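*Asks:* Questions regarding the structure given below will be posed in turn.
Throughout, read-outs are computed from the coordinates displayed, never taken from laboratory work. Keep in mind that what you see is a predicted model, and the values were worked out from it rather than measured. Cβ atoms come from the backbone with ideal geometry, glycine included; neighbour counts cover every protein chain shown.
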Number of protein chains: 6
Amino acid sequence: GEVFDKELYQDNSVPGVVTGLAWTSVGGEILFIEASLSKGKGKLTLSGQLGEVMKESAMTALSYLRSKADKLGIDHRVFDNYDLHIHVPAGAVPKDGPSAGITILTAIASVYTQRKVRNRLAMTGEITLRGKVMPVGGIKEKILAAKRAGITDIILCNKNRKDLEEIDDSYLKGITFHLVDHVQEVIQLALLDELVDDSISFTFDNQRVTSGDC
Amino acid sequence: GEVFDKELYQDNSVPGVVTGLAWTSVGGEILFIEASLSKGKGKLTLSGQLGEVMKESAMTALSYLRSKADKLGIDHRVFDNYDLHIHVPAGAVPKDGPSAGITILTAIASVYTQRKVRNRLAMTGEITLRGKVMPVGGIKEKILAAKRAGITDIILCNKNRKDLEEIDDSYLKGITFHLVDHVQEVIQLALLDELVDDSISFTFDNQRVTSGDC
Amino acid sequence: GEVFDKELYQDNSVPGVVTGLAWTSVGGEILFIEASLSKGKGKLTLSGQLGEVMKESAMTALSYLRSKADKLGIDHRVFDNYDLHIHVPAGAVPKDGPSAGITILTAIASVYTQRKVRNRLAMTGEITLRGKVMPVGGIKEKILAAKRAGITDIILCNKNRKDLEEIDDSYLKGITFHLVDHVQEVIQLALLDELVDDSISFTFDNQRVTSGDC
Amino acid sequence: GEVFDKELYQDNSVPGVVTGLAWTSVGGEILFIEASLSKGKGKLTLSGQLGEVMKESAMTALSYLRSKADKLGIDHRVFDNYDLHIHVPAGAVPKDGPSAGITILTAIASVYTQRKVRNRLAMTGEITLRGKVMPVGGIKEKILAAKRAGITDIILCNKNRKDLEEIDDSYLKGITFHLVDHVQEVIQLALLDELVDDSISFTFDNQRVTSGDC
Amino acid sequence: GEVFDKELYQDNSVPGVVTGLAWTSVGGEILFIEASLSKGKGKLTLSGQLGEVMKESAMTALSYLRSKADKLGIDHRVFDNYDLHIHVPAGAVPKDGPSAGITILTAIASVYTQRKVRNRLAMTGEITLRGKVMPVGGIKEKILAAKRAGITDIILCNKNRKDLEEIDDSYLKGITFHLVDHVQEVIQLALLDELVDDSISFTFDNQRVTSGDC
Amino acid sequence: GEVFDKELYQDNSVPGVVTGLAWTSVGGEILFIEASLSKGKGKLTLSGQLGEVMKESAMTALSYLRSKADKLGIDHRVFDNYDLHIHVPAGAVPKDGPSAGITILTAIASVYTQRKVRNRLAMTGEITLRGKVMPVGGIKEKILAAKRAGITDIILCNKNRKDLEEIDDSYLKGITFHLVDHVQEVIQLALLDELVDDSISFTFDNQRVTSGDC
Ligand SMILES: [Ca+2]
Ligand SMILES: [Ca+2]
Ligand SMILES: [Ca+2]
Ligand SMILES: [Ca+2]
Ligand SMILES: [Ca+2]
Ligand SMILES: [Ca+2]
Ligand SMILES: [Ca+2]
Ligand SMILES: [Ca+2]
Ligand SMILES: [Ca+2]
Ligand SMILES: [Ca+2]
Ligand SMILES: [Ca+2]
Ligand SMILES: [Ca+2]
């Protein structure tokens, strides 16, 4: 059944919530990646009946973000001082596959930077550890689902361009497509400079002394 | 068999005990979510033969609560200095599904704030990590079970409104329905301002020095 | 085969040993819950081929006890400074179910308080996390086994009263039944004020500094 | 095949090696429990393709010993500062059951006290956590195996006395039977006061400060 | 489908990305090993649906590198202060076998030294813990895949020389083969002296005091 | 296929590499046990698709070595300050059984002492925790494999002497057999006094203060 409501992905007041596009045997669907932080010791929790490939996708997204923390203006101590939870409703529906990679990456980038996510934007694409975006399947069905839901901007892998060309133009009207090769482009497109209201002021334990270099 | 007694959910002297509504092949049923804290290191224990989806529901509820600790007046050190146990009697009956989400959330909110739970109140609904309440099934059967048990107030997801409309009014008499979209509403409805008698005075280890921000 | 001997449960010189009542396909049986402590770091070990439900029962009993440590006069540091082992002989016989709940609770209450367990007493009943005692099955068979073994007092859940009424009075003669609703009653009935001989003097590591409250 | 040699169990120069009696589909057999300690952090390793019941037996034996450390003159710090390994050759032969309980207990008592094990002694019997010795099966076959191997003393549970009475006296000649109820008797019979040559001088890390009592 | 693009393995601006050669039921294929580091505590993460043998290959490569850290000019503190992630796209495709051993070794050597990987180079070969390179199968198919992809240099085990001799010369034209016995040769061939742009300046926690020797 | 080359086991410049003898359905085979150390915290890694019995063999060998560290001149701090990896090529071939016990023991004794392993030596035999060497099967096939490979010395368990007597003398010519009862003999035969070139100078963290004894 259709359990999501339009208002949801038009609301970007909460950090860490990003709209993805899934493809199941019965067609395309909107899904949400939710990421949240709480004071802790750096534990990662994944929930929403995620399969093994999707869990690896999340770990890959997190590793990419951590390795690029400096460039994104993220204090690396946040990774050890806050627990990260990634949840994908609905909780009882099994989900798998690598196509939520860029969506997960965007959700955790938003929650760690506390930057707002662009409105009415959806995305689908696999990521690799070096940040490359890779093409995924079910593009036509995903676009139809996005349209039904009022989405106006979709981020796809550049290599999915040929899938767009095979779709009748009437289906594409009203949506702006952003074709990308690298997750840096995804973040630039998806995250606003503006912070969310009530953004977290991260605080850290001060136990470690750092020194040396090479 | 019917192993629960009415007196139980009319007694809110114990924190962390909240009445839920379950739906099995043989009809609706009352169930209790029990949460308790003991001095420890932040370990989470789940018992009562809970399935994987229900465990994830509990983790999602806990993450939501931890990320909103400040707003709920919970000192975040309590999460590291006390162990949390969530149990769902009867111990030998397998249980699963996401519909106890708001019930679990309310139970742990009560035990961490030591606030009393409202009398004769039951609830059913899935939660997501950002606090959204989602609709669940078996509404009619659950309401019948609640009535038999003397419940006077039921919290449901706003999107379950259509299920109510399909039920004959005679069944709904005597129960006040609270339709909600967000768990903040659930907490406001379910938790009294009054603390339980003999409420815990939380104490903390003082080992960490906090500093810095971003 | 019958491997237990009468003298055993007439001997309460050892703390942490409590007589329970089990119900198998071949009738009722006496069993013993053994709990012991040794200097350690708070590890819990369960042995005796216990099934998942029985293990959860033990964890629930322990959580209840820990959350009520103050009321029972137990210094909470004992939970972190001693390892707890719960064993149920015979070691090769698989056991499961929630009905040993109050027996396990009594065994660990005895070992943490070093109080003697009442002589010739047996018990059966599920516990919940808030300390409620719940009814269990096989009452008739369990009573017969207790009689054969020389038991004079049996603790049951109040809700098992109807099972007693269905048993011919001749079977009940010579046994005093204690019907309870809450584990506080169980502890009061089962534990003597007197400490065992050679009771442990608990000692603690002194590493943590406690402070603050809320 | 017969892979053990007589000289072995006539040599008690090594601590922690005790002769047990096993019973398989093809008759009785001698087996050896080997226990060794090495500087570490209190890790327990079990090897020799041991089944779940036998592993629980070992944990029960260890818990008993730890809880009685004072009485046996064992400095409790040794449990945290040395790793314990229990191995049962032959390494490729699966073994299970509770009957090696007292043999394992004796092996680890020897290695922690560095006391010699009595010569030409074998034993078989289950232990419980409070130190009770329980009867086991296959007594006749085990005795025959012990005789073939030159054993002169066998420790059995008192409740196995009836098994002895059913065996023709000619089979029992030349062996002294020690019937026991409690593991304290086993230790007294099996361990000599004399330490092994080259006994370990235990040393401890000195990080913890102990204080308080109750 | 063909999801890789040529430009990728001609770009060595990113450290830790090395081109391997895989052999599946449908022929040879190019694959990429991606390794990345982020500030952490030395955790190893493997992703990309790797089978058990391939995971062991990665652990063997890492152990080799760690044991030779001094010779490669790697400060050993980097292993405890940075987390290593190894990912092999595409994320949903299961992969197994030992033949990526030298490719993984090269990827992690690059990321720990921040040295550039040689352009248009591919490799295939098992490694052992002492650094020996062992021959692998599917050489002909792998070479064809490399040619299609524009590879100009291939590293193989010396013992795969006979496989080359069985291939028609026309297939080998345009590719330089480097036959090696030891991973030291692989590293010398594959890693340039030049560091990548924006190379990481490793920093370390300073908690440990080192002393003594033997 | 035959993937090993003669030169390998004639080269003892690398510590921790020892030649073993395996017996498969297709005859005897040479195999290598590789052990390596890297600065760490005492982690043990086993790879090469080892079965459960072979892993237990490795743990038994390591426990024996640790418990005899003083006698072998090994500073016990090395076990906590270095990670040990044991690998058995070829990486994709499953291996199991206890017969590599003495080979593994010799490999780790070499790597912890940095002593050279004797040239052209192979061995096969199970070990027990007290250091006893036990006989193994497939002796004839193993000897043939050793001869083909240029081995000149073989260590066997004394109890395998009868297997030698059943082999035609022509097969034994050119090989010296060393029949042993205890691993001390194995170490004495297999390890040279000479250290390897570039032997590791072990260094230790200095965090622990040791005191007391018994
Ligand atoms: Ca869920
Ligand atoms: Ca998607
Ligand atoms: Ca339970
Ligand atoms: Ca419910
Ligand atoms: Ca047992
Ligand atoms: Ca073994
Ligand atoms: Ca035995
Ligand atoms: Ca992936
Ligand atoms: Ca490859
Ligand atoms: Ca072998
Ligand atoms: Ca491998
Ligand atoms: Ca071997």
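*Asks:* Hey, for residue A:150 with labels 7 Å out along Cα-Cβ, what do the inter-copy distances come to in nm, ordered shortest first?
*Replies:* So the label point of residue A:150 gives 4.5, 4.5, 7.9, 7.9, 9.1 nm to the other copies.
*Asks:* Further question: Counting only other chains, and only Cβ atoms inside 10 Å, what mean value do you get across the residues of A:68-76?
*Replies:* Partner Cβ neighbours, averaged per residue: 2.
*Asks:* Starting from the 7 Å offset along Cα-to-Cβ, what nm value, one decimal, do you get for the label separation of residue C:152 and residue C:13?
*Replies:* 2.0 nm
*Asks:* Ok, one more. Limiting things to C-alpha atoms, what are the Rg and the maximum Cα-Cα separation (Dmax) for chain F, in angstroms?
*Replies:* Using the Cα atoms of chain F, the pair Rg, Dmax is 17.2, 60 Å.
*Asks:* While we're here: Sequence gap at least 6, Cα distance under 8 Å: using those rules, report the relative contact order of region A:6-195 to the nearest whole percent. Don't jump to the answer; show the numbers that get you there.
*Replies:* Values: 404 pairs, mean separation 51.2, N = 190.
RCO, region A:6-195: 27 percent.
*Asks:* Right, something else. If the only charges are +1 at each Lys and Arg Cβ and -1 at each Asp and Glu Cβ, what is the size of the charge dipole of region C:9-195 around the Cα centre, to the nearest 20 debye? Please report the intermediate quantities before stating the final value.
*Replies:* On the way: 23 positive and 22 negative charges, 65 e Å.
So the dipole magnitude of region C:9-195 works out to roughly 320 debye.
*Asks:* Additional query: Based on the alpha-carbon gyration tensor of region F:32-122 and its eigenvalue square roots a ≥ b ≥ c, which shape applies: rounded if a/c is under 1.5, prolate if not and a/b is larger than b/c, or oblate? If you can, show how the numbers build up before the last one.
*Replies:* Working: a/c = 1.67, a/b = 1.39, b/c = 1.20.
Prolate, since a/c reaches 1.5 and a/b exceeds b/c.
*Asks:* For region D:30-54 and region F:11-89, compute the distance between their C-alpha centroids and round to whole Å.
*Replies:* 19 Å
*Asks:* Another question about this same structure. Could you tell me the relative contact order of region F:116-214? Use alpha-carbon pairs under 8 Å, at least six residues apart, and round to a whole percent. The partial results should precede the final answer.
*Replies:* Numbers: 111 pairs, mean separation 32.6, N = 99.
For region F:116-214, the relative contact order is 33 percent.
*Asks:* Over the Cα atoms of region E:137-181, what Rg and Dmax result, in angstrom?
*Replies:* 9.6, 27
*Asks:* Find how many whole Å separate the alpha carbon centroid of region C:142-179 from the alpha carbon centroid of region B:150-186.
*Replies:* Measuring centre to centre over Cα atoms gives 45 Å.
*Asks:* Next up: What are the ³J(HN,Hα) couplings of region E:96-102, residue after residue, when phi is run through the Karplus curve with 6.51, -1.76, 1.60 and θ = phi - 60°? Round to Hz, x for glycine and proline.
*Replies:* After applying 6.51 cos²θ - 1.76 cosθ + 1.60, I find 7, x, x, 6, 8, x, 6 Hz.
*Asks:* Same structure, new question: If amide H atoms are built 1.01 Å from N in the plane of the peptide, which residues on other chains or at least 5 residues away come under 5 Å of the amide H of residue A:192?
*Replies:* A:116, A:117, A:118
*Asks:* Please compute, for peptide A:193-201, the average count of beta-carbon atoms on other protein chains lying within 10 Å of each residue's beta-carbon. Walk me through the intermediate numbers first.
*Replies:* Details: counts 0, 0, 0, 0, 0, 2, 0, 4, 2.
Taking all residues of A:193-201 together, the mean is 1.
*Asks:* While we're here: Under 17 Å Cα to Cα from residue F:173, which aspartates and glutamates show up? Leave out anything in the same chain fewer than 8 places away.
*Replies:* Candidates past the 8-residue exclusion: F:141, F:153, F:163, F:165.
*Asks:* In addition: Along the charge dipole of chain D, which of D:35, D:20, D:127 sits closest to the positive end, that is, farthest toward it, with unit charges on the beta carbon of Lys, Arg, Asp and Glu (+1, +1, -1, -1)?
*Replies:* It is D:127, whose Cα lies furthest towards the positive end.
*Asks:* While we're here: Kindly write out, for region A:187-202 in residue order, the coupling ³J(HN,Hα) from the Karplus curve 6.51 cos²θ - 1.76 cosθ + 1.60 (θ = phi - 60°), rounded to whole Hz, with x marking Gly and Pro.
*Replies:* Karplus-based 3J(HN,Hα) across region A:187-202 equals 4, 4, 6, 8, 9, 7, 6, 5, 7, 5, 5, 6, 5, 5, 9, 5 Hz.
*Asks:* Also, I was wondering about something else. Mind checking the dipole of region A:104-180: about its Cα centre, +1 per Lys or Arg Cβ, -1 per Asp or Glu Cβ, Debye to the nearest 20? Spell out each step's value before the answer.
*Replies:* Numbers: 14 positive and 8 negative charges, 74 e Å.
Around 360 debye, computed over region A:104-180.
*Asks:* Let me ask another. Rounded if a/c is under 1.5, else prolate if a/b beats b/c, else oblate: with a ≥ b ≥ c from the C-alpha gyration tensor eigenvalues square-rooted, which is region F:109-172? Kindly include the intermediate steps, with their values, before the conclusion.
*Replies:* Numbers: a/c = 2.91, a/b = 1.31, b/c = 2.23.
Because a/c hits 1.5 or more and a/b fails to exceed b/c, region F:109-172 counts as oblate.
*Asks:* About the Cα centre, and with charges only on the beta carbon of Lys, Arg (+1) and Asp, Glu (-1), how big is the dipole of the protein assembly as shown? Nearest 20 debye, please. Walk me through the intermediate numbers first.
*Replies:* Values: 150 positive and 174 negative charges, 129 e Å.
Approximately 620 debye in magnitude.
*Asks:* Where Rh is the Kirkwood radius over the Cα pairs of region A:158-203, the temperature 37 °C and the viscosity 0.692 mPa s, what D in µm²/s does Stokes-Einstein return?
*Replies:* Working: Rh = 13.7 Å.
Here the translational diffusion coefficient equals 240 µm²/s.
*Asks:* Let me know the whole percent of all Cα-Cα pairs from the protein assembly as shown that are separated by more than 63 Å. Walk me through the numbers before you get to the answer.
*Replies:* Working: 138633 of 823686 pairs.
Of all Cα-Cα distances in the protein assembly as shown, 17 percent exceed 63 Å.
*Asks:* Then there's this: Here is the link list: C:71/C:142; E:140/F:39; B:39/C:142; C:55/C:140; D:116/F:41; A:71/A:142. Which ones come out longer than 30 Å on Cα distance?
*Replies:* On the way: C:71/C:142 32 Å; E:140/F:39 40 Å; B:39/C:142 37 Å; C:55/C:140 25 Å; D:116/F:41 34 Å; A:71/A:142 32 Å.
In this structure, C:71/C:142; E:140/F:39; B:39/C:142; D:116/F:41; A:71/A:142 exceed 30 Å between Cα atoms.
*Asks:* Next question. Rounded, prolate or oblate: which fits region D:91-134 when a ≥ b ≥ c are the square roots of the eigenvalues of the alpha-carbon gyration tensor, with rounded for a/c under 1.5 and prolate only if a/b beats b/c?
*Replies:* Oblate, since a/c reaches 1.5 and b/c is not below a/b.
*Asks:* Would you please put D:170-176, D:113-119, C:29-35 in order of how densely packed they are, using the mean number of other Cβ atoms within 10 angstrom per residue and starting with the highest? Intermediate results must be reported in sequence, preceding the final value.
*Replies:* Numbers: D:170-176: 11.4, D:113-119: 20.0, C:29-35: 23.1.
Peptide ranking by packing, descending: C:29-35, D:113-119, D:170-176.
*Asks:* Normalising by the residue count of region A:59-139, find the relative contact order in percent from Cα pairs under 8 Å and 6+ residues apart.
*Replies:* 37 percent
*Asks:* Please give the average number of partner chain Cβ atoms lying within 10 Å of the Cβ of each residue in D:129-137, rounded to a whole number. Don't skip to the end; give the middle numbers.
*Replies:* Numbers: counts 17, 13, 3, 8, 0, 6, 3, 3, 1.
Average per residue, whole number: 6.
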